[in-house]
1. Just to be sure before I move on: is B:Ile160 surrounded by fewer than 22 Cβ atoms within 10 Å (Cβ to Cβ) and within 8 Å of chain A (Cβ to nearest Cβ) in the structure I sent?
2. Tell me whether the range B:57-72 contains one or more residues that are out of contact with any Leu (no Cβ under 9 Å at 6 or more places or on another chain), within 9 Å of chain A (Cβ to nearest Cβ) and within 15 Å of B:Pro26 (Cβ to Cβ).
3. Considering only the range B:99-107, I want to know if a residue exists there that is within 21 Å of the chain's Cα centre (by Cα) and within 29 Å of A:Gly178 (Cα to Cα).
4. Considering each of A:Gly39, A:Gly58 in turn, give the residue that is in contact with a helix residue (DSSP H, G or I) (Cβ under 9 Å, 6 or more places away or on another chain) and of a type in the set (Gly, Ala, Ser).
5. Out of B:Val117, B:Val106, which single residue is among the aliphatic types (A, V, I, L, M), touching a Gly at 6+ places or on another chain (Cβ under 7 Å) and either part of a helix (DSSP H, G or I) or touching a residue at least 60 places away in the same chain (Cβ under 8 Å) (or both)?
6. Within the bounds of the range B:107-127, is there any residue that is buried (at least 21 other Cβ atoms within 10 Å of the Cβ), at pLDDT 95 or above and hydroxyl-bearing (Ser, Thr, Tyr)?
7. Regarding A:Lys110, is this residue within 9 Å of chain B (Cβ to nearest Cβ), closer than 23 Å to B:Ser151 by Cα and over 22 Å from the mean Cα position of the chain (by Cα)?
8. So, of the residues in the range B:51-75 that are touching a residue at least 12 places away in the same chain (Cβ under 8 Å) and of a type in the set (A, V, I, L, M), which turns out to be nearest to B:Ile121 (Cα to Cα)?
Amino acid sequence: MKNRVIKLFLTFFRIGLFTFGGGYAMIPLMQRETVEKNGWISDDDILEIIAIAESTPGPIAINSATFIGYKTAGVIGSVAATLGTVLPSFIIILIISFFLRQFQDIQAVKFAFNGIRAGVLALLIKAWWNMFKKMPKHSVAYAIATGAFVVSAFTDVNILIVITGCGIVGLVTSIIAGRRIKQ
Amino acid sequence: MIFLDLFLTFFKIGAFTFGGGYAMLPLIQDEVIAKGWLLESEIVNFIAVAESTPGPFAINISTYVGSEMGGILGAFCSTMGVVLPSFIIILLVAHWYEQFKSSKIVSGLMSGLKPAVIGLIGAAVLSIGKTVFSSFEISMEIFTNPEFWVSVGTVIVMGILAFKKVHPIAIICMSAVIGIVAGYLI
């Protein structure tokens, strides 16, 4: 048991250390390490974990690590796996943040970041488009997405209220749709 | 107290983020910029750093904001804050998995939350677009400003490369080179 917990920690530390971009980028490595190498869970479990991670709040990487850790070695396992996933980022960013500020005052770096911000905008547009393509293609979904966009872009309404409101709209419309099917 | 504030803010952000990747971005903008912890341009700069370093974006950004505001302890508080909601909820779900999986309430809520996140990220990207071009004054002279056209060109070319599946780190490096060359030439 103790060995298993340590192994969970080390495995997820490695997953955290070698995934760039986080979230979905982490899944292939996670599958190789937890299914193929250690046999802790099955391929079907991976699919279920993705489904759960998508329908619960929080970063997908943390959700999956906690879930796999719990399935493999209970609560202690979930602590080990989550800690393992978080630590590499935490350490690396902590080190970077200590000199990023001074670094940003150098003229060449300022120029570089002028270009980088434009590049990041392009990356974000691409990331958004990928999400948009996967959106359910029906009118209620489009209406909610448009509503959330307009309220968030053009009013000062708090985002937490927008998110809560959209969740309620989704719940109500799905109940209504469910009744219609029954009738 | 900054440490408690960091923990609670990121706890809230973690609890309300649905979906991976940049789903957290709208909330970060709303909370972190509103509190005056970071400027929007600093967040955009940091996205480049987060893309070029390992680990989930959520952990990277919370560690960074925490460290900027309160050093190592600040980073610890904000990262703990962002992780805890996921951690607790997943433990509960893992325990009551069958009920969760067949719950109509969960699937109903998610049918609203998924499109909402797409709309919210759209608004976040629009706002970042404004930040990228905010150094230019809006007037007719903008069209004779070479720096403006360099930015427009960079977004378009890098956009095309991104859709052609060029690696994000390569895009960031190329954008940096364009920025440096343009900065010294113009």
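The values are calculated or read from the model by the stated rules, or taken from the named source; none is laboratory data. Treat the numbers as computed from the prediction; the structure is a model and nothing was measured. Here the Cβ positions follow ideal geometry from the backbone for every residue, glycine too, while neighbour counts run over all protein chains shown.
1. On the way: surrounded by fewer than 22 Cβ atoms within 10 Å (Cβ to Cβ): yes; within 8 Å of chain A (Cβ to nearest Cβ): no.
Spelling it out, it is not the case that B:Ile160 is surrounded by fewer than 22 Cβ atoms within 10 Å (Cβ to Cβ) and within 8 Å of chain A (Cβ to nearest Cβ).
2. Yes.
3. So the first thing to find is which residues in the range B:99-107 are within 21 Å of the chain's Cα centre (by Cα), and the list is none.
Within the range B:99-107 (the criterion being within 21 Å of the chain's Cα centre (by Cα) and within 29 Å of A:Gly178 (Cα to Cα)), the answer is no, since none of the residues qualifies.
4. Values: A:Gly39 fails: in contact with a helix residue (DSSP H, G or I) (Cβ under 9 Å, 6 or more places away or on another chain).
Testing whether each residue is in contact with a helix residue (DSSP H, G or I) (Cβ under 9 Å, 6 or more places away or on another chain) and of a type in the set (Gly, Ala, Ser) leaves just A:Gly58.
5. Numbers: B:Val106 fails: touching a Gly at 6+ places or on another chain (Cβ under 7 Å).
Selected residue: B:Val117, the only one of B:Val117, B:Val106 that is among the aliphatic types (A, V, I, L, M), touching a Gly at 6+ places or on another chain (Cβ under 7 Å) and either part of a helix (DSSP H, G or I) or touching a residue at least 60 places away in the same chain (Cβ under 8 Å) (or both).
6. For the range B:107-127, residues buried (at least 21 other Cβ atoms within 10 Å of the Cβ), at pLDDT 95 or above and hydroxyl-bearing (Ser, Thr, Tyr): absent.
7. Details: within 9 Å of chain B (Cβ to nearest Cβ): yes; closer than 23 Å to B:Ser151 by Cα: yes; over 22 Å from the mean Cα position of the chain (by Cα): yes.
The answer is yes for A:Lys110.
8. So the residue we want is B:Ala58.
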